[in-house]
Amino acid sequence: MVSALRSALFFAGFFAITPPFALLIVAFWRLPYGVREDTARLWCRANLLWLRVCCGVRYRVVGLEHLPPGPAVVMSNHQSAWETIAYRTIFPTRLSWVVKRELFRLPFYGMALKALEEISVGEQSPREAMREVEEHGSTHIRAGRWVVIFPEGMRVRHGELGRFLQGGARLACANGVPVVPVAVDSGYCWPTQDWRKRPGLITVRIGPPIATTQRTPAEVSRLVRDWIAGGLVDVGIARRRRGT
């Protein structure tokens, strides 16, 4: 009961501040991209703070020293909506996201996604989706931005790891940029199939960049998945030791 009330309070605040921030981002459409993203970053920080106050959800980041100086493709497992909020505050650079096109139709939020120039992927064949990711993602990388992609293609329950699609690896290989693997256990506090939030500590583990030169997308994808699988094991061991 307490968990439900605290979660309801979080969502009340979440839905209250989202439209004003979204309208601000749209209003800044003709301003430099950095102004829009900084506004989105402020929205993310506000929600993370509100999540901590209401639901007791905290987080820690391990491995920031691994981030390369230039553009890269971030490939992460995907357990909840938490990482779509938190990653914009964690990675100290301009980010572009690969998102489902249906999200562009959401009131306010969808308009903000368009203003942030996110990379949309429709419900076409996997081959066509990978072509779109490579084409539009390459434009963003050439502009000096990083691209964030969840290769599982959907949220996967805590304790599981889905099949990886090769769109992110193909994008990185085509542009000769490294892939930054990321393991996150957000599903412990923000379950995939339950709207209620659980207090606790989320861990984001960032791995060393994986070079893509002279490697195939299949090889890069396998290396990334293997690292994330190992990272999740490490995160799980640390959680059990903390008892959280």
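The values are calculated or read from the model by the stated rules, or taken from the named source; none is laboratory data. Computed from a predicted model, the values in this text were never measured in an experiment. Accessible surface is based on the protein model in full, side chains and every heavy atom, while ligands, DNA and RNA are left aside. Shrake-Rupley method; radii C 1.70, N 1.55, O 1.52, S 1.80 Å.
With just the Cα atoms defining each centre, how far is region 78-115 from region 156-200? Give it in Å. That distance is 14 Å.
Rolled with a 1.4 Å probe across the full set of protein chains, the surface gives residue 226 an accessible area near 90 Å².
Classify the chain from the C-alpha gyration tensor, please: rounded if a/c falls under 1.5, else prolate or oblate depending on whether a/b exceeds b/c. Since a/c reaches 1.5 but b/c is at least a/b, the shape of the chain is classed as oblate. Of the whole protein surface, residue 170 contributes about 90 Å² of accessible area at a 1.4 Å probe radius.
Over the chain, DSSP H runs of length four or greater, each weighted -39,500 (n - 2.57), average out per residue to a 222 nm ellipticity of -16000 deg cm²/dmol. Taking the DSSP beta bridges with both ends in the chain, the antiparallel portion is around 15 percent. Helices of the chain meeting both criteria, an alpha-carbon length of 27 angstrom or more along the long axis and an average Kyte-Doolittle score not below 1.6, with helices taken as full DSSP H segments, are 2-27. Overall, the anisotropy analysis places region 94-162 in the rounded class: the square-rooted eigenvalues a ≥ b ≥ c of its C-alpha gyration tensor yield a/c less than 1.5. In region 1-49, carbon and sulfur make up what percent of the accessible area (probe 1.4 Å)? Reported share for carbon and sulfur atoms: 78 percent. Accessible surface area normalised per residue over the chain is 48 Å², counting heavy atoms of protein chains with a 1.4 Å rolling probe. Apply the a/c threshold of 1.5 to the C-alpha gyration tensor of region 136-244 and tell me whether it is rounded, prolate or oblate. Because a/c hits 1.5 or more and a/b exceeds b/c, region 136-244 counts as prolate. Of the whole protein surface, residue 50 contributes about 90 Å² of accessible area at a 1.4 Å probe radius.
Figure note: 140, 66 ranked by solvent-accessible area, largest first, 1.4 Å probe, ligands and nucleic acids not counted: 66, 140.
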